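Quick note: the coordinates plus some simple rules give every number you see, no bench work behind them. Please read all numbers here as calculations on a predicted model, not as lab measurements. Using ideal geometry, Cβ is built from the backbone for each residue, glycine included, and neighbour counts are taken over all protein chains shown.
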Amino acid sequence: MSDQDLVVETVRDILTGFEPFALTAERRWDAGLWSALASAGLTGVGLPESSGGSGGELADAVAIVRTLAAGAAAVPVAEQLLVAGPAVVAADLTLPPVDEPLTFALGPAVTAHASDDGDGPGRFTLSGTVTDVAWSGAARHLVVLAAGAAGPVLGLIDVSGIEATSAVNLAGEPRGSLVLDDVAASGALLNSAQLEELKARYALTRAVQLAAALEQVLAWTVQYAGERVQFGRPLGKFQAIQMELAEMSGEVTAVTALTDAAVQAVERDENVVLAAAAAKVRAGAAVEVVARLAHQVHGAIGFTQEHKLHHLTKRLWSWRDEAGSELAWSRVLGAGVLADGPDGLWPALTRIV
């Protein structure tokens with residue numbers, strides 16, 4: 001068994017003690033699960049030990065995020081391990097303690113003002129409203145992209161004392177807004193390439209979660225079709241159901257392939273923008289097919305609050321629209337593959353997958 005397999009087994013073992021639940025205004029996240037993951041050192045995997053992380057490779061962090069996504073875990077591990085944490089390390093900022101939840105948000109309405117001089121990491125004050133903050137109210141630290149006089153700024157702030165609005169996504173996950181009024185931040189200037197890559201990493205994070213949730217929904221549906229007897233035989237014996245399961249399988253396979261290709265692009269330190277765009281677009285498109293057919297095969301039972309299916313299908317519908325819509329990333333993808341003209345189209349496509 002590889003080290004990555006051991007990590008996945010550890011996460012699964014922890015998840016057995018924390019069943020998925022419907023998020024409510026009284027319970028917005030699973031603090032107990034976060035504490036258990038942090039105690040096992042899993043909230044710092046993929047982040048260098050020299051920066052305060054637990055070490056390990058990107059693939060290890062992706063495996064953790066996938067396992068938690070398939071388990072409908074209500075914790076901000078994906079944001080911490082795949083977006084915010086790596087961004088802080090890359091910007092040479094001080095990584096907050098990895099046992100304290102760290103999240104990420106785009107801040108198109110947030111402005112950054114330098115409070116010192118220098119070309120490297122420095123001090124800024126941030127003002128404006130940052131919306132759609134994943135796990136707002138649960139995360140203690142926030143990495144936000146803000147607009148600065150000299151260009152985009154990656155800002156890191158402590159938001160534990162800032163009240164967030166109660167907005168949530170369809171799955172009930174917190175997506176509130178924070179009003180920043182000259183909030184002190186450590187930060188670093190980004191160039192345009194770094195900015196686009198960071199946005200792509202955020203999209204890839206959601207694609208990784210979508211791929212894992214889609215795989216789990218497919219597995220549950222295949223299992224249900226094999227167990228549910230109708231008209232004297234299992235549902236899975238009916239040709240119509242077999243065709244639906246085959247269609248779901250094709251969608252999931254395509255998403256997994258493109259997502260894996262994008263993760264490998266990050267591991268090779270290549271430009272990840274087009275690969276992440278392709279993964280996010282394909283994952284979003286698969287949600288409509290897989291979620292619809294899963295509920296169709298499950299029938300009425302799949303819509304009940306007591307059944308496990310809704311924990312993931314609601315997340316699929318929510319994650320599909322986060323970190324950039326399919327339309328937005330389709331435009332990025334289309335512009336990217338056509339950038340080198342007709343002769344460069346095929347090479348561009350082969351680089352993505």
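Lys/Arg Cβ at +1, Asp/Glu Cβ at -1, dipole of the stretch 194-352 taken about the Cα centre: which of 253, 276, 202 is farthest positive-ward?
Of the candidates, 253 comes out farthest on the positive side.
Can you find, among 21, 225, 111, the residue sitting farthest towards the positive end of the charge dipole of the chain, where Lys and Arg contribute +1 and Asp and Glu -1 at Cβ?
Going by the Cα projections, it comes out as 225.
Please list 205-214, 94-103 highest first by mean number of surrounding beta-carbon atoms within 10 Å per residue.
205-214, 94-103
What list do you get for 104, 238 if you sort them by fewest beta carbons within 10 Å?
If I rank by nearby Cβ atoms, fewest first, I get 238, 104.
Between helix 58-70 and the chain, what is the angle of the helix's C-alpha long axis to the longest principal axis, kept within 0 to 90° and rounded to the nearest 10?
That works out to roughly 50 degrees.
What value, in deg cm²/dmol to 500, does the helix sum -39500 (n - 2.57) over DSSP H runs of n ≥ 4 give at 222 nm once divided by the residues of the chain?
My calculation for the chain gives -15500 deg cm²/dmol from helical runs alone.
Can you tell me how much longer the chain between residue 10 and residue 51 gets when fully stretched, taken as 0.36 nm per residue apart minus their C-alpha distance, in nm with one decimal?
12.4 nm
Could you tell me whether the stretch 194-352 comes out rounded, prolate or oblate from its Cα gyration tensor? Rule is a ≥ b ≥ c as square roots of the eigenvalues, rounded for a/c under 1.5, then prolate if a/b exceeds b/c, otherwise oblate.
Because a/c hits 1.5 or more and a/b exceeds b/c, the stretch 194-352 counts as prolate.
Using the 10 angstrom Cβ neighbour count as an exposure proxy, how do 79, 322, 49 rank, fewest first?
49, 322, 79
Aspartates and glutamates within cross-link reach of residue 280: Cα-Cα under 17 Å, excluding same-chain residues under 8 positions apart?
79, 196, 197, 215, 251, 260, 288, 321, 322, 326
With springs only between Cα atoms under 10 Å, which of 165, 16, 131 fluctuates most in a Gaussian network model of the chain?
Evaluated over the chain, the most mobile residue of the options is 16.
Based on the alpha-carbon gyration tensor of the stretch 192-259 and its eigenvalue square roots a ≥ b ≥ c, which shape applies: rounded if a/c is under 1.5, prolate if not and a/b is larger than b/c, or oblate?
Judged from the Cα gyration tensor, the stretch 192-259 comes out prolate (a/c at least 1.5, a/b above b/c).
Can you tell which of 175, 233, 123 shows the greatest fluctuation in a Gaussian network model of the chain with Cα springs below 10 Å?
Among 175, 233, 123, the largest mean-square fluctuation in the Gaussian network model of the chain belongs to 233.
State whether the chain is rounded, prolate or oblate according to the following rule on the C-alpha gyration tensor (a ≥ b ≥ c being the square roots of its eigenvalues): a/c under 1.5 gives rounded; otherwise a/b larger than b/c gives prolate, and the remaining case gives oblate.
prolate
Kindly write out, for the stretch 305-317 in residue order, the coupling ³J(HN,Hα) from the Karplus curve 6.51 cos²θ - 1.76 cosθ + 1.60 (θ = phi - 60°), rounded to whole Hz, with x marking Gly and Pro.
Result, ordered by residue: 5, 6, 7, 6, 4, 5, 4, 9, 5, 5, 5, 4, 5 Hz.
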